[in-house]
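**Student:** One structure is given below, represented as structure tokens, and several questions about it will come after.
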Amino acid sequence: MTFRRIEWLFLWLALLLPALAHSELQPMADDALSATSGQGGVYLSGDFSINKSGGVLWTTPTSNVASTWTANQRSCATLGASSPEDCGMRIAIRAEAAGGWYVLDNMKGIFSFDGLTLRTRFIDSGFNGDGSSFNQDTLEFGLPNEMKFQDARFTFAVANQGGWRNKAGTAANGGDATYQQTNIFSAKVDGSIRMQGNVLVFPKN
Amino acid sequence: MNAPLLFAGLALLVASALAQAEMQALDDQQLSDVQGAGFGFVLDNILLDANNATITITINDITNGSGQNVPISVKEFYLGATGSNKGANLNPVTIGRLSSPFTLDLNKGENLRTLRDDGVWVQTTPSNVAVLALTFPERLTGTAGQACISGYAAAGSNCSSRASEKADLGIRFDFQVAAGRTDILNIDIAELAMDGSYLRLWGDSARSQLVGEMRLNLYAKSLTVMSCAAGATNCATAAEQEARTITATNLYANIGLGYGKSQPLLFDVNSNGQFTLELPNPTSGGTTAAARNTLATDFYANAPRTNLVIDNLKMGSGSYSTGGYNFGYNAIQGLTINYLKVTSHDL
């Protein structure tokens with residue numbers, strides 16, 4: 001094995017830099033340390049899109065008639081809808097050794113927020129008199145003032161298998177007549193929800 | 001990884017180790033103060049308002065005459081400080097106290113307690129299990145206790161939330177039954193506290209499943225359910241709105257589901273893919289008559305009771321002459337569930 005010149009250079013720099021840096025470190029005196037409080041924090045903005053155009057498991061069929069779908073097709077349109085729809089993400093959880101499954105199905109949509117903050121906050125006053133006896137640090141999650149949703153959906157269901165099977169499909173198309181899924185409810189959110197305030201998290205003895 | 005990069009990585013590790021570490025050993029006194037009982041959290045100056053969002057819920061394929069889902073629109077959802085006048089005047093509220101926060105912890109069954117109706121703290125979870133517990137602000141007995149409902153002593157004074165830590169909550173459901181017809185349920189709750197509610201989950205090895213117990217405590221100054229949208233036809237004036245409203249004043253509910261020692265709450269999906277909710281017979285674990293008697297005695301003495309109390313319930317104006325009715329005081333108290341099994345079926 002031969003090392004190229006650039007790799008040797010990197011090695012020497014890596015060896016040299018911490019050694020130089022080490023010589024510059026000075027211990028802080030106790031009073032200097034006690035005067036330091038963790039300022040700042042993290043400010044997050046986000047825009048998430050989950051399975052907006054369907055997932056990788058299923059493609060979208062051309063009709064809502066389940067018996068006509070091929071092995072990798074599935075539509076998640078609501079009952080009685082005229083046109084088929086893409087399906088979102090699916091999570092299935094089983095809480096009994098030989099039991100059935102709780103399913104969060106068809107999770108998809110766009111979520112965006114601006115101004116989710118994360119920082120530490122020392123509380124020794126306020127809170128209607130509770131703060132002074134509390135006298136400790138908390139982790140503060142500042143909620144964004146506004147959270148926007150676009151076509152965000154999920155369905156809560158129960159099923160006898162974790163993975164989705166096409167109950168109405170033929171065996172040749174990957175159908176499984178024994179599959180049973182009952183949708184309890186579905187929700188869809190559009191628009192913006194105002195969420196303001198902080199969630200303070202701290203160890204509880 | 002090629003050799004120079006590996007050496008560089010090692011060099012960085014060695015250099016870090018050389019830096020003077022300031023870690024100090026904890027002495028026994030400090031260690032004994034650390035109990036690791038999980039996290040507390042407090043909602044500080046919270047306000048939720050979904051008035052500008054369109055939330056649609058569909059329930060279990062409920063369909064109209066044309067085979068289409070009946071959508072339920074959620075409108076006017078809010079959570080804010082008391083005195084909001086049914087969401088019209090929203091202000092932030094702090095829910096939970098630093099001394100009595102919401103908690104999420106993993107605890108031993110023998111360390112968890114439940115407040116019995118007579119004010120005694122008892123253990124309801126089995127021993128020697130690790131329990132995941134989500135607990136609302138705990139109740140306080142003694143002089144530190146706060147009135148659960150202001151001005152209504154019968155609801156007790158063992159809440160930890162003070163008047164300023166109670167919340168107003170509202171939600172309106174619009175059921176789009178058919179074209180041109182929308183049925184409305186507009187729910188507003190004033191001065192809500194949920195102190196002492198909890199959800200506890202643990203694994204039952206004999207049943208090979210997740211089991212739990214739940215307690216839901218609700219205290220509210222008032223609860224109104226109106227069947228029309230404010231401002232719509234026949235729903236504009238105060239008199240018109242009152243005529244379409246059910247008003248419950250000074251109400252509280254303590255709903256106890258499950259007694260971990262002998263009657264854990266089983267909520268499960270069976271192998272046929274149907275939902276099952278079960279409270280088993282508390283004496284089923286006893287093999288002899290004496291053992292069953294012991295289980296029954298313990299169950300009746302300590303299992304949380306369910307209470308549902310409404311100090312005043314009225315329909316409409318409450319006056320017969322204007323088409324209303326006043327039902328006065330209504331209560332269910334001291335209810336225990338000996339056996340319950342609910343299963344879903346597909347039609």
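Bear in mind that the values in this text are calculations on the coordinates, not laboratory data. Small disclaimer: the values here were computed from a predicted structure and weren't measured. With ideal geometry, Cβ positions are generated from the backbone for all residues, glycine too; neighbour counts draw on all protein chains shown.
**Student:** Starting from the 7 Å offset along Cα-to-Cβ, what nm value, one decimal, do you get for the label separation of B:L277 and B:A239?
**Tutor:** 4.2
**Student:** Another question, then. Please compute, for peptide B:92-105, the average count of beta-carbon atoms on other protein chains lying within 10 Å of each residue's beta-carbon. Show your work: numbers first, answer last.
**Tutor:** Working: counts 3, 1, 7, 1, 2, 5, 15, 5, 1, 7, 3, 1, 2, 2.
Mean number of neighbouring Cβ atoms from other chains: 4.
**Student:** Continuing with the same structure: Would you please state which residues of segment A:152-191 a label at B:F175 would reach in this model, taking the label point 7 Å out along Cα→Cβ and a backbone N cut-off of under 17 Å?
**Tutor:** Hits in segment A:152-191 for B:F175 at 17 Å: A:185-186.
**Student:** Give the shape of chain B as rounded, prolate or oblate, defined through the alpha-carbon gyration tensor: a ≥ b ≥ c are the square roots of its eigenvalues, a/c under 1.5 means rounded, and otherwise the shape is prolate if a/b is larger than b/c and oblate if not. Working shown, then result.
**Tutor:** Working: a/c = 1.65, a/b = 1.39, b/c = 1.18.
Note, shape of chain B comes out prolate.
**Student:** Tell me the angle of helix B:289-302 to the major Cα principal axis of chain B, expressed in degrees between 0 and 90 and rounded to the nearest ten.
**Tutor:** On a 0 to 90 degree scale, this one is about 70.
**Student:** Follow-up question, since we're still on this one. If each residue's Cβ is checked for other Cβ atoms within 10 Å, how do B:S157, B:S205 rank with the fewest at the top?
**Tutor:** On the way: B:S157 16, B:S205 9.
The order, fewest Cβ neighbours first, is B:S205, B:S157.
**Student:** A further question follows. Note the full-extension length gain between B:D204 and B:A232 as 0.36 nm times their separation in residues minus their Cα-Cα distance, in nm to one decimal. Walk me through the numbers on the way to the answer.
**Tutor:** Numbers: separation 28, 0.36 × 28 = 10.08 nm, distance 5.29 nm.
Contour length minus Cα-Cα distance gives 4.8 nm.
**Student:** Give the order of A:M195, A:M89, A:M147 when sorted by the count of other beta carbons within 10 angstrom, beginning with the fewest. Mind dumping the intermediate values first?
**Tutor:** Details: A:M195 18, A:M89 14, A:M147 23.
So the residues, fewest neighbours to most, are A:M89, A:M195, A:M147.
**Student:** Once phi is turned into ³J(HN,Hα) by the Karplus curve 6.51 cos²θ - 1.76 cosθ + 1.60 with θ = phi - 60°, what whole-Hz value does each residue of segment B:99-106 show in order, with x for glycine and proline?
**Tutor:** Rounded to whole hertz, the list is 8, 9, x, 5, 10, 10, 8, 10.
**Student:** How would segment A:46-201 be classified by its alpha-carbon gyration tensor: rounded, prolate or oblate, with rounded meaning a/c under 1.5 and the a/b versus b/c comparison settling the rest? Intermediate values should be presented prior to the final figure.
**Tutor:** Values: a/c = 3.70, a/b = 2.21, b/c = 1.67.
Prolate.
**Student:** Projected onto the charge dipole of segment A:46-201 (+1 at Lys/Arg Cβ, -1 at Asp/Glu Cβ, origin at the Cα centre), which of A:L118, A:W101, A:M147 gives the Cα projection farthest towards the positive end?
**Tutor:** A:W101
**Student:** Here is a further query. Order by neighbour count: B:V177, B:V269, fewest other Cβ atoms within 10 Å first, most last. Before the final figure, lay out the partial values.
**Tutor:** Values: B:V177 12, B:V269 25.
With the fewest neighbours first, B:V177, B:V269 line up as B:V177, B:V269.
**Student:** Would you mind checking the tilt of helix B:3-18 against the longest principal axis of the Cα atoms of chain B, expressed as 0 to 90 degrees and rounded to 10?
**Tutor:** Tilt relative to chain B: about 90 degrees.
**Student:** Now for a different question. Starting from 0.36 nm per residue, how many nanometres of slack lie between B:A154 and B:T322 once their C-alpha separation is accounted for? Intermediate results must be reported in sequence, preceding the final value.
**Tutor:** On the way: separation 168, 0.36 × 168 = 60.48 nm, distance 3.08 nm.
Once the chain is fully extended between B:A154 and B:T322, it gains 57.4 nm.
**Student:** Right, here's the next one. On average, how many beta carbons from a partner chain sit within 10 Å of the beta carbon of a residue in A:78-84?
**Tutor:** Details: counts 7, 8, 8, 2, 1, 0, 0.
The shielding value for this peptide is 4.
**Student:** Taking a virtual spin label 7 Å from the Cα of A:Y43 along the C-beta vector, which residues in segment A:103-131 bring their backbone nitrogen under 17 Å of it?
**Tutor:** Counting only backbone N, you get A:113-120.
**Student:** Now for a different question. Hey, what do the phi angles of segment A:115-127 turn into as Karplus ³J(HN,Hα) couplings, whole Hz, using 6.51/-1.76/1.60 and θ = phi - 60°, x for Gly and Pro?
**Tutor:** Whole-Hz 3J(HN,Hα) from phi for segment A:115-127: x, 7, 10, 9, 7, 9, 9, 8, 10, 9, 7, x, 6.
**Student:** Once the dipole of chain B is set up with Lys and Arg at +1 and Asp and Glu at -1 on Cβ about the Cα centre, which of B:F39, B:C228, B:L210 lies farthest towards its positive end?
**Tutor:** Checking the options against the dipole of chain B, the answer is B:C228.
**Student:** At 7 Å along the Cα-to-beta-carbon direction for both A:A168 and B:A290, put a label point, then send me their distance in nm to one decimal.
**Tutor:** Placing both labels 7 Å beyond Cα along the Cβ direction yields 6.3 nm.
**Student:** Here is a further query. Checking the a/c ratio against 1.5 first, then a/b against b/c, what shape does the Cα gyration tensor give for segment B:274-347? Don't skip to the end; give the middle numbers.
**Tutor:** Working: a/c = 5.65, a/b = 1.93, b/c = 2.92.
Because a/c hits 1.5 or more and a/b fails to exceed b/c, segment B:274-347 counts as oblate.
**Student:** Roughly how many nanometres apart are two label points built 7 Å out from the Cα toward the Cβ at A:D30 and A:D124?
**Tutor:** That separation, rounded to one decimal, is 1.6 nm.
**Student:** Could you tell me the distance between the Cα centroids of segment A:148-205 and segment B:87-162, to the nearest Å?
**Tutor:** About 31 Å separates the Cα centre of segment A:148-205 from the one of segment B:87-162.
**Student:** Ignoring everything except DSSP H segments at least 4 long, calculate the 222 nm mean residue ellipticity for the protein assembly as shown; use -39,500 (n - 2.57) per segment, divide by total residues, nearest 500. Please list the in-between numbers first.
**Tutor:** Details: 7 runs with 71 residues, N = 552.
Here the helix-only value at 222 nm equals -4000 deg cm²/dmol.
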